[in-house]
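Here's the structure we're looking at; comments come further down.
Just so it is clear, none of the values below were taken in a lab; they were calculated from the coordinates. Predicted, not measured: the structure shown is a model, and the values here were computed from it. Every residue, glycine as well, gets a Cβ built from its backbone with ideal geometry; the counts of neighbours run over all protein chains shown.
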Amino acid sequence: MAPKRARPSPVWDFMEKVSPTLVKCIVCNSHLSYNKCTSTMMKHLKTKHPIEFNGSYQTTPPQPTGTTISVTDNGHGQQGEVAAPEVGIQPTLKDVFSKREVYKDGGHKKQQLDSLVVKMIVKDMQPLSVVEDEGFRELVTGLDPRYTLPSRRDLVRTHLPRLFQLEKQRLHEELASANYIALTTDIWTSRQTRGYITVTAHYILPRWSLQSCVLETARLKKEHTAENIADEIRRVCNEWDVLHKACCIVTDNGANIVAAVTKCLQIKQVPCFAHTLNLVVQSAIKNSEEVRKVREKVKAIVTFFHHSVKASDKLAEKQEEKGLQKKKLITDVDTRWNSIYYMLERFDEQYEVITTTLCLLGKHQMCLSSDELETVKNTVQVLEPFEEATREMSAEKITTLSKIIPLIRALQDCTVTRKASIFSLCDELQKQFTKKFTGMEANFNIAAGTLLDPRFKKVPFADSGNSKMIEERLIKIMKPAVGNEGDQQASSSIVTHQESQTPERKKTLWKMFDEKVERTVKAGQSYSAGPHIDMRRYLEEPLTAREADPMSFK
């Protein structure tokens, strides 16, 4: 009996052999190379002719198993019915692909896809249980039926620890290449009332790019004394070998953490500008009676709408009638002053529909008077530059230390220009500014950062004596490093304020600073320089655009 012949691949229904090494597609007449393997032809059909690829190709119409067919005399006098032979159905190319073996554990493709799944979980902060979700598993199977997702157990025991070690090694090497590192640290309490400390590192790589990374978030089980806090910071820094590179540590104004940095660790401490600004605004609002009363009344209205489904639905209905975008009211949070701004801003924006809804619900006594509404508007106007400053100082990918003095000056200017026409809040803000920010221009780290920022230089300094003192001190630091060779070199080219494309000014915070820079540029003003020619040339160059990245200055 002759051996059973293998069934030809269904691709030959659409291909014909031209030569021993060449085939032609009968659908599009394309020529393909052939080496006794149909993979190239399959790929061509799948990508170029998906309809043919997914179609069903049958060599013979199917016959049900076990049926009979009629036969006539076959020459031997036999006549009647005989069993029909079983005829198999030719599988489609899609079926052929689906029956291929799954990716083997340890194989390159399996490891590659596992790595992508783990990175997705880490980057998007997905729960580990996502690999067990039915919908996600169906999606992955639909994308590639040969791939099997790793189990939750494998993620915890193998994949995540491996990725952590790789990332830790990479970060160790990156931190080792940095000459100086600035640290930020804060102590916070979770919803389970557990104390934690987070230490973050900020540094510049040799390619002159600013980087930030969280070194560790650790439980603080001991009492929050200066010594215990210092021990925890020291432990984290030693683990990453960065303590000797720490040039300063940014913290809030808590006495225990300030003492931990300055006394126990003996590292320069820089107060967090955003935290201090929060204290300034919080204290000013608290001491301004008219603002405090209006804030309490607005918060009561917002709380009423948040706790009443009927009121919330009615408000949404009125917003729709007025053609307004449906927005929920915002409540303030005691620890974040800008939440007060957002609450009052949203209330002012939705005042008409809020008042209408309150009247319809019989809550006339909760409505604000015209004088109280005017207080809301004035408060929003005064706090607007402070909100902008808070957002600017919360950036992660730009330098912020050099902005402290310019922002203080800009905020003071904004407050003074409104003082004549707007109520006591401006007076309180001025008092708090004097209390919290006095002496910033004499702080070497902060002032040097501003002077060496090509966007600001000497312009923001209120006292020219302070900028002169910082300049002379910088020159003394530069002389041993630069030497005579640096005196003979011309300073590098920079983008001037006139040459750069300056975007539209943001609201009012930087208005007076930008106007001062424009006057300086038009007048061709140059500043007196110290003995060092590079410093003189740097200070005499026009300022770069305020929106430019100071890290790109060369």
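Here are the numbers for this structure:
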{"item": "Gain on full stretching of the segment that runs from residue 225 to residue 102 - 0.36 nm per residue minus C-alpha separation", "result": "38.6 nm"}
{"item": "Contour excess over end-to-end distance, with Cα ends at residue 296 and residue 30 and 0.36 nm allotted per residue", "result": "88.0 nm"}
{"item": "Anisotropy class of region 212-267 from Cα gyration tensor, a/c 1.5 cut", "result": "oblate"}
{"item": "Separation of the residue 163 and residue 391 label points, Cα + 7 Å toward Cβ, nm", "result": "3.2 nm"}
{"item": "Debye, to nearest 20: dipole size of region 322-387, +1 on Lys, Arg Cβ, -1 on Asp, Glu Cβ", "result": "440 debye"}
{"item": "Length released on extending from residue 306 to residue 136, taking residue separation times 0.36 nm less the Cα-Cα span", "result": "57.7 nm"}
{"item": "Cα gyration tensor, region 297-392 - rounded (a/c under 1.5), prolate or oblate", "result": "prolate"}
{"item": "Euclidean distance of C-alpha centroids, region 446-481 and region 295-328, integer Å", "result": "51 Å"}
{"item": "Three-way shape call for region 204-314 based on the alpha-carbon gyration tensor, with the a/c threshold at 1.5", "result": "prolate"}
